[in-house]
Amino acid sequence: MERRVDKRLGLVAALLGVAALLATVSVINVTYWYVNTTQPPVIKYVGNDTYVMNGTFVKANWYYDPNTGLNITSVYVTGVPGDIVNITNALRVCNNYNTDVKIRISDVLLLQDFTVTYQNGTTGSGAKLIRYMAVKFVQPTPPPADPIVIIKDGQPVDTTTDYVTLPPGTCAVLGVDLIIDANAPYYKTLAGFQINIEKVPK
């Protein structure tokens, strides 16, 4: 009987020892996190068409948005009412990183619509006068299977492209196709769109 009690006591003592060991082991790992800055892996530049006819058909600049902390690139494209305009080099997106980077157009939305007076004297939505607008990857070649986002009658209908891969030191070139309704007024801004470019390391 004593042996059984001794065995039980020994087992209880061993379990209590393990529990005490687990309860007393506490490890604290201290880490310090510092935030640094570097040149962004992808940088946007104005396209070569900004130099055609002193930027008559395409202009670009950038500004800092204090609310989001982002650098916003504004691209201004001009169409001729009733004509088709093809801008082949509106914006360049370049990889200054030391590894491949994949980019795509990931989202398109109507940012601002303007009320304008049409040539026939009526007023209405400026965006609806943009009968067709396509932002597309012109380079690299060959382009991805889906290289284009599309806006019809002022509304985005195809808002993403496939990814293109940019090796270090290379650029993607974006172009724009425009068809503006013949009733559009001259020298007026019709609408603004937000077109997001997503970039990820390969």
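The values are calculated or read from the model by the stated rules, or taken from the named source; none is laboratory data. Here the structure is a predicted model, which is why all the values come from computation and not from measurement. Here the Cβ is made from the backbone with ideal geometry for all residues, glycine too, and neighbour counts use every protein chain on show. Side chains are part of the model used for accessible areas, which takes the heavy atoms of the whole protein and leaves out ligands, DNA and RNA. Shrake-Rupley method; radii C 1.70, N 1.55, O 1.52, S 1.80 Å.
What do you reckon, how do Tyr163, Tyr34, Tyr76 stack up by accessible area (1.4 Å probe), largest on top?
Sorted by accessible area, descending: Tyr34, Tyr76, Tyr163.
If N is the number of residues in the stretch 100-141, what value comes out of its Cα radius of gyration divided by 2.2 N^0.38 Å? The partial results should precede the final answer.
On the way: Rg = 16.1 Å, N = 42, 2.2 N^0.38 = 9.1 Å.
Cα Rg divided by the expected 2.2 N^0.38 Å: 1.77.
Within the stretch 64-105, what whole-number % of the accessible surface is contributed by carbon and sulfur, with the 1.4 Å probe and all protein chains included in the calculation?
Accessible surface attributable to carbon and sulfur in the stretch 64-105 totals 45 percent.
To the nearest 10 Å², what's Thr159's accessible area with a 1.4 Å probe?
Per-residue accessible area (Thr159): approximately 50 Å².
Within the set Lys59/Lys136; Lys152/Lys199; Lys128/Lys199, which residue pairs have Cα atoms separated by over 28 Å?
Going by Cα-Cα distance, Lys128/Lys199 fall outside the 28 Å limit.
Hey, got the Cα dimensions of the stretch 62-111 along the principal axes, in Å, largest first?
Dimensions of the stretch 62-111 along the principal axes of its Cα atoms: 44, 30, 18 Å.
Ratio of alpha-carbon Rg to the 2.2 N^0.38 Å globular estimate for the stretch 43-165, to two decimals, please. Mind dumping the intermediate values first?
On the way: Rg = 16.1 Å, N = 123, 2.2 N^0.38 = 13.7 Å.
Taking N as the residue count of the stretch 43-165, the ratio is 1.18.
Give the whole-number value, in cubic angstrom per residue, of the convex hull volume spanned by the C-alpha atoms of the stretch 111-202.
Output value, Cα hull per residue: 103 Å³.
How long are the semi-axes of the equivalent ellipsoid of the stretch 157-198, defined as square roots of 5 times the Cα gyration tensor eigenvalues? Whole Å, largest first.
Computed over the stretch 157-198, the values are 30, 13, 10 Å.
Assuming R0 = 35 Å, can you tell me the calculated FRET efficiency for the pair Val80 and Asn196, based on Cβ-Cβ distance, to the nearest 0.05?
0.80
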